[in-house]
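A short write-up of the structure that comes next.
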Amino acid sequence: MSSITTSVGLISGLDTGAIIDALIEAESGSVNRLESRKTNYETQQGALQSLESILLTMVTSVNSLNNASTFSTETASTNPNASISVSTTNSTVTGDYSFQSVRLAKSHAALSRGFADTDTQLVGEGTLVFGRGGNLDREVLLSELNGGSGVQQGSIRITDRAGNAADIDLSGAYSVNDVVSAINDSSGILITASTSGGSLVLTDGSGGGGSISVVDLAGGSAAADLGIAGSIAGDTLTGSEVYTVTGNFALTQLNDGNSIHTASGDDLRITARDGTNIDIDLSSAVTVQDVIDAINDDTDNEGKVTASLSNGRLILTDNTGESGTLSTSDLGNAEVVRQLGIDNTASGNTITGDKLIAGIDSVLLKNLNAGDGVTAGVISLTDRAGNVASVDLSSAESLDEVLAAINSAETAGMVKLNLVAELDAAGTGIVIRDTSGSTSSNLIISDTSGTLAADLGITIDAAETEVSSGNLNHRYINKSTSLSTYAPDGGAVAAGSFKITNSAGAEATIVISSTDDTIGEVIDRINAAGIDVTAELNETGDGFQLVDNSGGDGDLIVEDLNGGTTSFDLRIEGTGTEVNGKPTLVSRNAVVIEIDAEDTLDDLVTKINTNASDFSASILDDGSPFSPKRLSIASKRTGADSRLYIDDGGLNLGFAATTEGRDALLRVGGSTGPLVRSSDNVFNNVVGGLDITLLDESTTTDSVSVTIDSTPIKAALSQIVASYNGYIDGATDLTRFDTTNNTRGVLSGNSTVLRVTTRLNSLFVNTFGSSTDTIRTLSSLGLNVGVNGKLSFDETTFDDLYAEDPEGVEEFFRDTTNGFAKLADDTLDALTDQFTGVFKINNDSLASNIESLTARIDTLNARLELRRDRLILQFAAMEESLSIISSQQQALTTLSSMQYLSANGSGG
């Protein structure tokens, strides 16, 4: 049950609570006056903070005007309907440029033969292998010709023997193959272009009796640079050799692009005929000349052996005059002797090396069969008409030499055989076809000496019209192959660790760090693990493999650790299978799809898309009434490196390229400007710091104008104007005094506001820089203080001056001594510094006053509370006294009544 309270005295009947409140209120005048003063200080404090916050927005803009990047922002514009888009970078240089989008990049795609349907017709059991690399027609760029001097762009005129002429524009040619295609695709002449060794060959098919003639047009030199300028009264014009090794050839161009594999320390040992061992470190060699210099300048050499370059081969000459054997050998884990072609036996005091490069668009024979090469010799050819030829290929080093020799083979009676030798459709092998149409004899190809025909897989003695080598397994992944593009998606192999468990249960953790750059370093780390697992290059030329030699009963297992992807990226994650009686894990830079006997096209599409992340498979319906369903395999990347080969292992899937992977080409400058290439239509920092993206192909040039973009400067100035005017508006309102209504702003008469306003006004009307500067005032840049004290910004005035003198404008703002940004920063810092600024000092003063008043108010309130307590006690005491008096009065009244009753009773 709650109690009832009241401030009304029970005896007096007085409202003591109201009386006490009135008394306290009467005594609270001092507190109220102090509270009013405190509130005024707090209002001033808030008002000053609002003005300071406006100036702080100005600080950011002033800092921007002191930043070099504000004055180095460029903008690029192109002509209407340009075939390129342009963006600038931090290093873009102003100026006018011209570019031509010569061609767009394309991805490689191939289409199979037709199938009746996708879900019932069986593909056939077997293995489908496809990937990038391994092609036997390696592209040679025009820039690689003539010792790296390249070929001048231009047009040529070719006249066949019948007198027909064609003008051929080679300005868009980037590779030798582009030149060959341009000639073969030209109309009006019967000329076929091809290559032989390091030369171009033109073959006349017109049947005329004149001469083949090739001339340059418009003062160009393309024909001369290609080695085909001139004329000949015959059916074949063989150009001069324009593709041969010179000292400035990069090592990455040698050995079919496989370079050389060096190791830590010395790599090559040359033993002179006097027994001296000359150990040479080739790790810093970049070019062929670097190798030659490293040999000749080695401190152990002292002129005993001279290295030189002749006819595209390294020559080692012993100068000791002794009778020992001149020899070469690899040191450590290096593999440079064979790759440099100097693994031959010396003849006297000389080792003559093998070819360092193959012919144009060809490969070296030593890199076939996964690098095992061939044993050259003499082969015997018999076409179906019975014509027999003996072809000596004992000195052949390049595949194009083999093909050319077969194509030109003649009988002893000078009868040309009816055989055509060329690359197969996949580009990974060769095919020999009989064109005689006769059935008089079997097609026969055999080795007379050596094993070249057998090594190339072309031996035959059968009633067939052709023989195919199958995939010749060109070695294009070796120990010097970079890890930066080896992962299945074409990216870099991730650094990390993985565990190898051999069949005997032994384990080893392999750590691949970010400093490991090549396949060779991975192989070395695995081989150093000591668990009877050998890492070596694989047998298909496209990767490496792990072979378990431990002889255990378990599995060979490789698994990533700590959530990494290193072994997956290296393509060795998983469980090994038995190869040649040993558990083996094979890493291939290719996709291997096992096709089961019951698989359909739909099944094959699913398998490819599941296992080939960098390729896509789909079904194309060509609309034909019979077998309209075709399998399409396409690279997800564009560029020349997207070119893929497809080996169906004899399943007769009939794949043919629908689009060839090619790089985008961009001409820089005018019609004779150089061509640059990109795999994805994007050219970064191509010239002057510009990034170019091709949108379409064009036969005309696009103009690009790069100018300084003043937008960041004007944005900073506009913000300064807005901040300044915001401050003026705020200060005017807060310091106002209305004489009519006799009202004033909270900061009326405040000296801080007046002082800040004066300093800001002085800043914006000041003269900056030195007397020699051309720009010294903000007004010359379009910033003016009006009659209302506010700033205005005329952008037209600024634009005109900036276009005339951008360096002067930047100097005006960024001069480290008297520039506007420097002085403005000093001024604003003096006003807004969080420790010593004018606003901070004033705020601290107000805060001190507020604190002091708060203390005094608290003291007075405490006294008033004591006074209230005393009054409450006094009124309580009064009520108690009144209660006693009342009680006494009641007692007296009772006593008086008793006396009266007693008196009256006694009287009755």
> Can you tell which of ALA76, ALA82 is among the hydrophobic types (A, V, I, L, M, F, W, C), crowded, with 17+ Cβ neighbours inside 10 Å and in a loop (DSSP other than H, G, I, E, B)?
Replying inline: ALA82
> Listed residues LEU675, LEU651; which is of a type in the set (A, V, I, L, M, F, W, C), over 30 Å from SER469 (Cβ atoms) and touching a strand residue (DSSP E or B) at 6+ places or on another chain (Cβ under 8 Å)?
Replying inline: LEU675
> Among the residues of segment 284-305, which ones are surrounded by 16 or more Cβ atoms within 10 Å (Cβ to Cβ) and over 21 Å from HIS261 (Cβ atoms)?
Replying inline: ASN301, LYS304, VAL305
>> Tally up the residues in segment 11-52 that are over 30 Å from VAL756 (Cβ atoms), touching a residue at least 12 places away in the same chain (Cβ under 8 Å) and acidic (Asp, Glu), please.
In response: 1
> Among the residues of segment 407-445, which ones are surrounded by fewer than 16 Cβ atoms within 10 Å (Cβ to Cβ), part of a strand (DSSP E or B) and not β-branched (Val, Ile, Thr)?
Replying inline: GLU410, LYS416, GLU422
>> Being closer than 30 Å to ILE519 by Cα, under 21 Å from the mean Cα position of the chain (by Cα) and buried (at least 19 other Cβ atoms within 10 Å of the Cβ) is true for just one of SER635, SER613. Which residue is that?
In response: SER635
> Does THR448 satisfy the condition of being surrounded by fewer than 17 Cβ atoms within 10 Å (Cβ to Cβ), at pLDDT 95 or above, within 23 Å of ASP392 (Cβ to Cβ) and of a type in the set (S, T, N, Q)?
Replying inline: yes
> Among ASP318, ASP297, ASP281, ASP274, which is the only one that is touching a helix residue (DSSP H, G or I) at 6+ places or on another chain (Cβ under 8 Å), modelled with pLDDT of 95 or more and either farther than 14 Å from LEU356 by Cβ or outside the structural domain of GLU335 (by TED's automatic domain parsing) (or both)?
Replying inline: ASP281
>> For segment 576-624, which positions are part of a strand (DSSP E or B) and among the β-branched types (Val, Ile, Thr)?
In response: THR577, VAL579, THR584, VAL586, VAL591, VAL592, ILE593, ILE595, THR600, ILE619
> Do you know which residues across segment 126-174 are within 24 Å of ALA425 (Cα to Cα), in contact with a Ser or Thr (Cβ under 6 Å, 6 or more places away or on another chain) and among the charged types (D, E, K, R)?
Replying inline: GLU139
> If you go through segment 208-263, how many residues are of a type in the set (S, T, N, Q), more than 18 Å from ILE156 (Cβ to Cβ) and in contact with a strand residue (DSSP E or B) (Cβ under 6 Å, 6 or more places away or on another chain)?
Replying inline: 1
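Specify the residue that is nearest to the chain's Cα centre (by Cα); the eligible residues are those in segment 49-68 that are surrounded by 17 or more Cβ atoms within 10 Å (Cβ to Cβ) and under 24 Å from ASP815 (Cβ atoms).
For segment 49-68, the residue satisfying everything is SER64.
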> Scanning segment 784-811 for residues that are over 29 Å from LEU51 (Cα atoms) and of a type in the set (Asp, Glu), which turns out surrounded by the most Cβ atoms within 10 Å (Cβ to Cβ)?
Replying inline: GLU810
> What are the residues in segment 125-166 that are over 30 Å from ILE357 (Cβ atoms) and touching a strand residue (DSSP E or B) at 6+ places or on another chain (Cβ under 7 Å), if any?
Replying inline: GLU125, GLY126, THR127, LEU128, ARG157, THR159, ASP160, ARG161, ALA165, ALA166
> Here is a list of conditions, (1) surrounded by fewer than 17 Cβ atoms within 10 Å (Cβ to Cβ); (2) closer than 30 Å to ASP709 by Cα, and LEU781 meets all of them except one; can you say which number that is?
Replying inline: (1)
> Could you give every pair whose Cβ atoms fall below 8 Å, whose first residue belongs to segment 340-351 and is within 18 Å of GLY275 (Cβ to Cβ) and modelled with pLDDT of 95 or more, and whose second residue is assigned to a loop (DSSP other than H, G, I, E, B) and among the aliphatic types (A, V, I, L, M), counting only separations of at least 6 or pairs across chains?
Replying inline: ALA346/LEU326; ASN349/LEU326; THR350/LEU326; ILE351/LEU326; ILE351/ILE342
> If a residue has to be buried (at least 22 other Cβ atoms within 10 Å of the Cβ) and either in a helix (DSSP H, G or I) or polar (S, T, N, Q) (or both) to count, how many in segment 507-537 make the cut?
Replying inline: 4
> Mind checking which residues of segment 216-227 are under 40 Å from the mean Cα position of the chain (by Cα), crowded, with 18+ Cβ neighbours inside 10 Å and either part of a loop (DSSP other than H, G, I, E, B) or of a type outside the set (A, V, I, L, M) (or both)?
Replying inline: GLY220, ASP225, LEU226, GLY227
> Does segment 311-328 hold any residues that are of a type in the set (S, T, N, Q) and within 40 Å of the chain's Cα centre (by Cα), and which are they?
Replying inline: ASN311
> Hey, does segment 660-674 have a residue that's within 30 Å of THR600 (Cα to Cα) and touching a residue at least 24 places away in the same chain (Cβ under 8 Å)?
Replying inline: yes
>> Looking at THR120, THR78, THR88, THR94 in this structure, which one is within 19 Å of LEU620 (Cα to Cα) and touching a residue at least 24 places away in the same chain (Cβ under 8 Å)?
In response: THR120
> Among the listed residues ASN681, ASN685, which satisfies the condition of being polar (S, T, N, Q), on the phi > 0 side of the Ramachandran plot and surrounded by fewer than 18 Cβ atoms within 10 Å (Cβ to Cβ)?
Replying inline: ASN685
> For segment 86-184, which strands (runs of 3 or more DSSP E) that fit wholly inside it have 1 or more residues that are closer than 21 Å to SER698 by Cα?
Replying inline: 95-103, 155-159, 165-169
>> I want to confirm something. Restricting to segment 859-873 and keeping residues that are surrounded by 12 or more Cβ atoms within 10 Å (Cβ to Cβ) and not β-branched (Val, Ile, Thr), which single residue is nearest to GLY13 (Cα to Cα)?
In response: LEU871
> So which of VAL605, VAL591 ends up being touching a helix residue (DSSP H, G or I) at 6+ places or on another chain (Cβ under 8 Å), crowded, with 16+ Cβ neighbours inside 10 Å and among the aliphatic types (A, V, I, L, M)?
Replying inline: VAL591
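Among the listed residues ASP663, ASP648, ASP696, which satisfies the condition of being in contact with a Phe, Trp or Tyr (Cβ under 7 Å, 6 or more places away or on another chain) and either closer than 30 Å to ASP614 by Cβ or at pLDDT 90 or above (or both)?
Unique residue meeting the criteria: ASP648.
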> Which ranges mark the helices (runs of 4 or more DSSP H) fully within segment 790-899 that have 1 or more residues being under 30 Å from SER710 (Cα atoms), among the small types (Gly, Ala, Ser) and touching a Phe, Trp or Tyr at 6+ places or on another chain (Cβ under 8 Å)?
Replying inline: 820-832
> Can you name the strands (runs of 3 or more DSSP E) wholly within segment 265-319 that have at least 2 residues being more than 19 Å from GLY332 (Cα to Cα)?
Replying inline: 305-310, 313-318
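The values are calculated or read from the model by the stated rules, or taken from the named source; none is laboratory data. These figures come from a predicted structure and were not determined experimentally. Don't worry about glycine lacking a Cβ; one is built from the backbone with ideal geometry, like all the others, and counts go over all protein chains shown.
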